[in-house]
Amino acid sequence: MEQKAFKRPFVNLFYIFFLSHLVFCQLDYRFYDSTCPSLTRIVRYGVWPAIANDTRMAASLVRLHFHDCFVNGCDASILLDDIDSTFVGEKTARSNQNSVRGYEIIDKIKANVEKACPSTVSCTDILTLAAREAANIAGASYWMVPLGRRDGRTANKTAANELPSPFESLDNIIAKFNAKGLDTKDVVVLSGMLSFNAIIINLLIIFSYMLNTGAHTIGFAQCFTFKQRLFNFGGSGKPDPDLEASLLKGLQTMCPDQVDSDTTLVPLDSVTTNRFDNSYYRNLVNSSGLLQSDHVLSTDNRTASMVLSYSRYPYLFLKDFGASMVKMANIGVLTGQDGEIRKNCKVVN
C-alpha cells in the first residue's frame, strides 16, 4: 500500500506533463497561415482602437481570457449568452457579472474575421490573440501564440463562481492554480490577471488574474476590496501596520470609511497606472501594494523571492509573464474534431 501511495504522485505528474505536451503539439504557430493569413492583423486592428478609446480595456481583455481559461479550460465558454431557461452561460456568475468587460470587442473582431475567413477561426483563438495584443499594447513583451483551439459547446456557471478571489488565502489560490497545471511562479506572474481582480468588479487588471502580480501592473480596484486595510484591519479597529504611511493617508482620502465610496476606483499601480511594467512589484517591496492578496505575495516564503526578483529585473518579469500566459492559454483546450468553430461567439452553432 505504501509503495502504491508513493508512486501515485509521480504517475499523476507524468500524465499532466504528457497530456500538456500532447495538447501543445496539436496547436501550431502557423495554424491559420493558409486559411486565414490576415487573422493577426484583424485582431490587432480590433484591439488597438478599443484601448485607444478606453485604456482600461487592455486589462479587461487579459482578464476576460483568464476567466475563460480557468473555467473548463480555454474554450470561449465565457462568451456564451444565456438563452432563456435552455442554456445558462457564465456571464452572470459572481466573478463575471458587472465586472468582466470586453465581450463586445471580441464579438466585433469575430464578425470581421468571419468576413475574411468564414467558419475558420475559433472564438477561443481570437480571445487568446486579443489578450496577447492588449498586453503588448500596454507594454508587455510580445510572445508567440500557438493556435488551433476550438470552441466549447457548454458553459459552467458553477465553476465560474469558484474563480480565485482576492479574499482567499494564498494557499487556496495556489491550490486553484495547481489544479489547472500552473505553479506558484505562475501565481506571482499572473496574479493580477487572475480573478483576483476579476471578482473585484471592474478590477480591470491587465492580466486580470494572476493572483495579483504582474497582471496587477495596470488596472484599478474598487475601494471595498481593500478598505478593511485602511480602517479595521483584521478587526483591530486600526489600519494595516504594513501599509506605507503616505499611501495609507492617500487611500483614506480617496476611500473614506463610508458606504458611498465602496465603488470608487483606485489604481492598482499608482506610479504607472496604464503601463504594463514591474512597478507593481516595486510597490510590493516598498509596502505599497493595494490589495491584501497582493501584499501577501511579498511576505510569504514561497513567493517573496520572486517578487523581489521581478522588482529588480523588469525584463525577467516580462519574459516570465509571456511564458505563463502561454501555459494558461493551453489549459483544457479543444482541438481536432472536439468542440466546434462558432460563427457567432455568443451562441453555439
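The values are calculated or read from the model by the stated rules, or taken from the named source; none is laboratory data. The model shown is predicted, which means the values in this text are computed figures rather than measured ones. Here the Cβ is made from the backbone with ideal geometry for all residues, glycine too, and neighbour counts use every protein chain on show. Each accessible area value is taken on the protein alone, full model and side chains, heavy atoms only, with ligands, DNA and RNA left out. Shrake-Rupley method; radii C 1.70, N 1.55, O 1.52, S 1.80 Å.
Worth a mention:
- Total residues in the range 233-250, condition aromatic (Phe, Trp, Tyr) and part of a loop (DSSP other than H, G, I, E, B): 0
- Considering each residue of the range 251-270 in turn, at least one proves to be crowded, with 18+ Cβ neighbours inside 10 Å, in a loop (DSSP other than H, G, I, E, B) and modelled with pLDDT under 85.
- Residues of the range 83-135 classified as on the phi > 0 side of the Ramachandran plot and either touching a residue at least 60 places away in the same chain (Cβ under 8 Å) or open to solvent by 60 Å² or more (accessible area, probe 1.4 Å) (or both), total: 3
- Subset of the range 73-104 [within 22 Å of Gln222 (Cβ to Cβ) and aliphatic (A, V, I, L, M)]: Ile78, Ala93, Val100
- Residues that are open to solvent by 10 Å² or more (accessible area, probe 1.4 Å) and either in contact (Cβ under 8 Å) with a residue 60 or more places away in the chain or within 19 Å of Phe177 (Cβ to Cβ) (or both), drawn from the range 294-308: His295, Val296, Ser298, Thr299, Asp300, Asn301, Arg302, Ala304, Ser305, Met306
- Against the conditions (1) under 18 Å from Ile331 (Cβ atoms); (2) at pLDDT below 95; (3) in contact with a Lys or Arg (Cβ under 7 Å, 6 or more places away or on another chain), Gly139 satisfies every one except (1).
- Residue list for the range 3-46, filter: exposed (fewer than 12 other Cβ atoms within 10 Å of the Cβ), in a helix (DSSP H, G or I) and modelled with pLDDT of 50 or more: Cys25, Arg41
- Selection within the range 136-166 - among the aromatic types (Phe, Trp, Tyr) and surrounded by fewer than 16 Cβ atoms within 10 Å (Cβ to Cβ): Tyr142
- Cβ separations smaller than 8 Å between residues 6+ apart or across chains give the following pairs from the range 142-163 residues that are on the phi > 0 side of the Ramachandran plot to residues that are buried (at least 23 other Cβ atoms within 10 Å of the Cβ) and of a type outside the set (A, V, I, L, M, F, W, C): Gly148/Asp125.
- The helices (runs of 4 or more DSSP H) located wholly in the range 47-156 that include 2 or more residues which are under 18 Å from the mean Cα position of the chain (by Cα) and polar (S, T, N, Q) occupy 123-138.
This table checks each residue for (1) more than 22 Å from the chain's Cα centre (by Cα); (2) modelled with pLDDT of 95 or more.
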site	(1), (2)
Asp300	no, no
Thr303	no, no
Arg312	yes, no
Phe321	no, no
Met325	no, no
Leu334	no, yes
Glu340	yes, yes
Lys343	yes, yes
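- Selection status of Glu168, touching a residue at least 60 places away in the same chain (Cβ under 8 Å), outside any helix (DSSP H, G or I), under 30 Å from Tyr310 (Cα atoms) and under 18 Å from the mean Cα position of the chain (by Cα): yes
- Residue match in the range 209-220 (condition: modelled with pLDDT of 85 or more, in a helix (DSSP H, G or I) and surrounded by 16 or more Cβ atoms within 10 Å (Cβ to Cβ)): no
- Every condition in (1) assigned to a helix (DSSP H, G or I); (2) over 29 Å from Ile51 (Cα atoms); (3) modelled with pLDDT under 80 holds for Ser287 except the one numbered (1).
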